[in-house]
Amino acid sequence: MHLHNAFCPDGFILVSKHFLMNLNGEATFDLYVGPSSEQHANEPLLLMHRYFPISKLQDIVTSRGFEQFFIKKEDLFNFHLLVENNISMLIDNQEIPLVEKSKIIYNCASQVIEDIFHDPRSGKNLKRVDDISRNIIQFAFSNDDAIPSLLQLGSHDYYTFTHCLNVAVFSIGLWRHIHPMEKTGLQDFAFGCLLHDIGKTKIDEKILKKPGPLTSEEFSIIKKHPQYGYELMADLIPETSLNVILHHHEKHSGKGYPDGLKGNQVSDFVKIVAIADVYDALTTRRIYANARDPFEAMLTMKEEMVGHFEQEKFIAFVLMLSGGEKPRITNDITYH
Ligand SMILES: [Fe+2]
Ligand SMILES: [Fe+2]
């Protein structure tokens, strides 16, 4: 995927040679190489015009020894689509470093969720969410370091779609931490996590992005998002996924919403997503609040949110994170 730390000219994105060499299908993007000192060029040079079979590229690269590849920023979507079709194979490829696999999954999944938030009932987008949730699970169970590596990439700023992705990664991680060998229902669970806040697409952005405290009327509108999400997706996705969307704000004490369900009235999946959701919200910078660091977030959840979560799962979550969490920026905290 694009590698943020390496040198990259304006308007271009550096793409991984590992991926290019292992893709199948037709490239729907222009591909550039360099620049190298021999070429005396400041800008990457066009190697291939779009609509070429990737196999052709593989022959050229092998014979001419190119190392650095770029695409134009405007072609990122097309590049993602080709990568999405090949992700499963890339995850299985032992020669690709774990961190590159994490980047590709995180970037593709962010794109997929952003797209479905723009068009929630598109069959094509739903299929892409289904595929990417399967890929995240495949990756999570392929290596003990996969989840921590994905969590390292979590956006420090809050966007609904990266939040949904982070919540899915935390949730799959916690499920695997508790049930290392059990995948029954996990696919539908992950699918629901990726879409858990989809109902926010029905709520006015002015309320969602309000920089100050919400009025009680505004808060009651925001609280409708689980129900809106359920209604939006009701005839399209599995029951387990719908359950996650509808109940992710229920609390163990029964004081959550929309149904005030208590304890075991919700599934283990719902108990897990409830923890992941709050943790990601606390550790991500919001318009109205700075990010808390992991320790502060866990302390807040333990001491200020008594009765919100099932104790056993919350402890498991803390243990999971103590093995590798996403690093956060600590500032003066005024979360509300
Ligand atoms: Fe929510
Ligand atoms: Fe959420």
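If we sort 138-148, 92-102 on the protection proxy, mean other Cβ atoms within 10 Å, highest first, what's the order?
Details: 138-148: 18.3, 92-102: 14.8.
For the peptides 138-148, 92-102, the packing ranking is 138-148, 92-102.
Magnitude of the charge dipole for the chain, about its Cα centre and with charges confined to Cβ atoms of Lys, Arg (+1) and Asp, Glu (-1), is about 340 debye.
For residue 58 and residue 73, the difference between the fully extended length at 0.36 nm per residue and the C-alpha to C-alpha distance is 3.2 nm.
What percentages, rounded to whole numbers, describe P(r) for the chain computed over all alpha carbon pairs with 10 Å bin width beginning at zero? All Cα pairs considered, the percentages come to 5, 24, 32, 22, 12, 4, 1. For the chain, the relative contact order works out to 13 percent when only alpha carbon pairs closer than 8 Å and six or more residues apart are counted. Give 127/183; 223/271; 101/127 a once-over and call out the pairs whose C-alpha atoms are over 26 Å from each other. Too far apart for the 26 Å limit: no listed pair.
Please rank 181, 233, fewest neighbouring Cβ atoms within 10 Å first, as an exposure proxy. Please report the intermediate quantities before stating the final value.
Details: 181 6, 233 22.
Ascending number of Cβ neighbours within 10 Å: 181, 233.
For the range 69-153, what's the relative contact order in percent, using C-alpha pairs closer than 8 Å and at least 6 residues apart?
Working: 47 pairs, mean separation 28.5, N = 85.
Reported as a whole number, the value is 34 percent.
Each of residue 17 and residue 319 was given a label point 7 Å from its Cα along the Cα-to-Cβ line. The distance between the two points is 4.4 nm.
Every number in this text was worked out from the coordinates using simple rules, so none of it is lab data. Bear in mind that the values here come from a model prediction, so they are computed numbers and not experimental data. With ideal geometry, Cβ positions are generated from the backbone for all residues, glycine too; neighbour counts draw on all protein chains shown.
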